[in-house]
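The values are calculated or read from the model by the stated rules, or taken from the named source; none is laboratory data. Everything quoted here is computed from the prediction, not taken from an experiment. Glycine also receives a Cβ, built like all others from the backbone with ideal geometry; neighbour counts cover every protein chain displayed.
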Amino acid sequence: MEQNLALVLFSGTDDKLNAAAVMTAGAAAIGRPVHIFLQYWALDSFRADRIADDHGLAPEAGDAGRRAVDALAAAGQAPWHETLRQAKELGEVDIQACSLSMDLLQITESDLDPLVDGVEGVTSFWLAASDGQVVFI
């Protein structure tokens with residue numbers, strides 16, 4: 001079995017979520033299991049009623065970044081949430097919401113998009129990450 005990739009998603013901007021989705025799809029395509037832990041603003045972006053919204057870009061993207069992202073979307077690039085759905089079809093991708101962030105943001109499991117597989121605490125995340133690579137976005 002390939003080494004596990006654990007992603008901690010903290011940022012809720014579309015550019016960072018897209019980067020995470022592309023990393024996830026690439027790992028899933030080569031058979032590498034991916035465990036995603038959603039915290040704070042990333043978790044907020046996974047609300048069922050907000051997942052397809054424009055979540056903006058990181059400030060460093062600036063106007064040029066906005067134009068580039070809009071051009072990719074116009075050319076047919078799938079939004080990050082669709083890339084994650086495709087990654088789940090390709091391979092072993094588990095997406096978990098952070099229980100502390102759920103409490104902080106007053107989110108319930110029923111508020112989350114079906115992409116999210118469940119809720120876990122940080123200890124469970126580290127157990128799932130095991131000796132695999134951890135990437136923080």
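Miscellaneous remarks
- Against the conditions (1) modelled with pLDDT under 95; (2) surrounded by fewer than 16 Cβ atoms within 10 Å (Cβ to Cβ); (3) not acidic (Asp, Glu), ALA128 satisfies every one except (2).
- Screening ALA27, ALA42, ALA87, ALA6 for residues that are farther than 28 Å from ILE107 by Cα, in contact with a strand residue (DSSP E or B) (Cβ under 7 Å, 6 or more places away or on another chain) and modelled with pLDDT of 95 or more leaves exactly one candidate, ALA27.
- Of the residues making up segment 112-125, none is free of Cβ contacts under 8 Å to residues at least 24 places away in the same chain, loosely packed, with under 15 Cβ neighbours inside 10 Å, over 16 Å from the mean Cα position of the chain (by Cα) and within 16 Å of THR13 (Cα to Cα).
- Members of segment 65-83 that are touching a helix residue (DSSP H, G or I) at 6+ places or on another chain (Cβ under 6 Å) and over 12 Å from ASP15 (Cβ atoms): THR83
- When residues in segment 6-52 are screened for being aromatic (Phe, Trp, Tyr) and surrounded by fewer than 22 Cβ atoms within 10 Å (Cβ to Cβ), 3 of them pass.
- Subset of segment 1-25 (residues that are part of a loop (DSSP other than H, G, I, E, B), closer than 21 Å to ASP54 by Cα and touching a residue at least 60 places away in the same chain (Cβ under 8 Å)): PHE10, SER11
- Condition met for GLY62 (farther than 30 Å from GLU2 by Cβ, at pLDDT below 95, in contact with a helix residue (DSSP H, G or I) (Cβ under 9 Å, 6 or more places away or on another chain) and of a type outside the set (Asp, Glu)): no
- Cβ pairs under 6 Å, 6+ apart, first in segment 66-90 and crowded, with 16+ Cβ neighbours inside 10 Å, second of a type outside the set (Asp, Glu) and not in a helix (DSSP H, G or I): HIS81/ILE51; LEU84/LEU115; ALA87/VAL93
- Flag for PHE136 being exposed (fewer than 13 other Cβ atoms within 10 Å of the Cβ) and within 13 Å of the chain's Cα centre (by Cα): yes
- Within segment 49-66, the residues that satisfy the criterion of being out of contact with any His (no Cβ under 9 Å at 6 or more places or on another chain) and within 29 Å of GLN133 (Cα to Cα) are HIS55, GLY56, LEU57, ALA58, PRO59, GLU60, ALA61, GLY65.
- Filtered residues of segment 91-106 (kept if of a type outside the set (Gly, Ala, Ser), closer than 17 Å to TRP41 by Cβ and surrounded by fewer than 18 Cβ atoms within 10 Å (Cβ to Cβ)): LEU100, ASP103, LEU104, LEU105, GLN106
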